[in-house]
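Quick notes on the structure that follows.
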Amino acid sequence: MDRFNGIPAIGLGTYPLSGAEAERCVATALEVGIRHVDTAQMYGNEAQVGRGIAASGVARGDIFLVTKVDPSNLGADRFADSVKRSVDKLGTAPDLLLIHWPPADGEIDGPVERLLHAGERAMAKQLGVSNFSPRLMRRAQALAGGKLICNQIEFHPLLDQSAWLATARELNMVITAYSPLARGKCMEEKVVQEIAARHRRPASEIVLRWIIQQGVAAIPMTRKRGNAASNLRAAEFTLTPDEMDAISALGSRNLRLINPSWMRSWD
C-alpha cells in the first residue's frame, strides 16, 4: 500500500460509529489489511477504537492511528488534558494528532503552539490540522516551522479542492480525504459508472483510485468486511489521464457536504 508522508493511502474513517459496532468495524478493517484508522474526540468513540485495535491482533506498530482535538478543547486550559484523555481512551499515543477545526475567530497561533507542545511531550508522533483553508494552512505551517504533515478535509470528485491540494504540495503536506465517496453520491455519476464498467470494478474503487492517484489519502467509513477489502483494492490499478480528467470535471458541481455553522468562510 502506498504511503504519503508516512500515511497509508487507504484507511478507515470511524464517524459515526459507536459502541460495540465501532469496536467490531475497526477490528474487521484491520483484519482484512487496512492499517490506517481515523477517529476524533468529537466522535465519542476513541475508547471503542482502541479496543478494536487491541482485538484485531495486529501489532500496534503496524497501524497508523489518527485522532483530532475537539474545537471546545483548543484553549490553553483544556488542550493538554484533552489529549491526555484521548491517549488514555485509545490505550496508546496516536501516530498523528490533528486540530479538528480552526477556531471560529480564526486565531490559530495558540492552538498550533499547543499542538506543538503535545508533540514535544510525545503525546503524538506527528502533527497536522483538519478543515484548514489554504490561507490557514500556510499560516499554521509557518507557525509550526514546517512540522505539520497533513490537512484532513472533505475531498471527493463532486467538490473542487484543487486549491487545497496545490497548497498542500507547496507546503510538503498531505491531504487526507474524509467523505471521499460523498456519501455514495459519487458512485451515482454516469462517468464514474462507465469507467467502473471499463475496469470491471465497483464504482467505489474508481472514486478511491481517483483520490489516491493524486497523492491524497482516503478514509472511507464502512461497516462491511467486503467493502473494507474492496477499498484496499483501489491500489491495484491505474486510471488513464483521460479518465482522471473526466472524473475531475465533476468538481464544477462544488457539492460541499460538511459545512458547520461555525465555519464562517472557507477562504
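The values are calculated or read from the model by the stated rules, or taken from the named source; none is laboratory data. Quick caveat: nothing in here was measured; it's all calculated off a predicted structure. Backbone-built Cβ (ideal geometry, glycine too); neighbour counts: all protein chains shown. Side chains are part of the model used for accessible areas, which takes the heavy atoms of the whole protein and leaves out ligands, DNA and RNA. Shrake-Rupley method; radii C 1.70, N 1.55, O 1.52, S 1.80 Å.
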Open item on the list: How large is log10 of I(q)/I(0) for region 112-224 at q = 0.09, 0.19, 0.22 Å⁻¹ when the intensity is taken from the Debye formula with one equal scatterer per alpha-carbon?
Closed with: -0.29, -0.94, -1.12
Open item on the list: For Cα pairs less than 8 Å apart in space and 6+ apart in sequence, what is the mean separation divided by the residue count of the chain, i.e. the relative contact order in percent?
Closed with: 20
Task: Part-to-part distance (alpha-carbon centres) for region 44-73 and region 141-200, which is given in Å - done: 23
TODO: Please calculate how many Å² of accessible area the chain carries per residue, with a 1.4 Å probe and no DNA, RNA or ligand atoms counted.
DONE: 42
Task: Among 195, 211, 34: highest mean-square fluctuation, GNM of the chain, C-alpha pairs under 10 Å - done: 195
TODO: Starting from the Kirkwood radius over alpha-carbon pairs of the chain, derive D by Stokes-Einstein at 25 °C in a medium of 0.890 mPa s and give it in µm² s⁻¹.
DONE: 132
Open item on the list: Of the candidates 153, 175, 108, which one comes out as most mobile in a Gaussian network treatment of the chain with C-alpha springs shorter than 10 Å?
Closed with: 108
Open item on the list: Is the C-alpha gyration tensor of region 31-179 telling us rounded, prolate or oblate? Criteria: a/c under 1.5 is rounded; beyond that, a/b larger than b/c is prolate, otherwise oblate.
Closed with: oblate
TODO: Kindly give Rg over Rh for region 1-69, based on alpha-carbon atoms, with the Kirkwood expression for the hydrodynamic radius.
DONE: 0.94
Task: Cα-Cα over 25 Å, subset of 84/125; 125/185; 84/147 - done: 125/185
Task: Formal net charge of residues neighbouring residue 222 (Cβ-Cβ distance under 14 Å; K, R +1; D, E -1) - done: +2
TODO: State which stretch of the chain is the longest one without any exposed GluC sites (Glu not before Pro), exposure meaning a DSSP loop state and at most 12 other Cβ atoms within 10 Å.
DONE: 108-235
Task: GNM result for the chain, Cα springs below 10 Å: residue of 249, 118, 93 fluctuating most strongly - done: 249
- [ ] Sum -39500 (n - 2.57) across every DSSP H segment of at least 4 residues in the chain, then divide by the residue count to get the 222 nm mean residue ellipticity, nearest 500.
- [x] -11500 deg cm²/dmol
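Could you look at region 28-151 and say what percent of its accessible area is carbon and sulfur, using a 1.4 Å probe and all protein chains?
On the way: 2250 of 4650 Å².
With neighbouring chains kept in place, the figure for region 28-151 is 48 percent.
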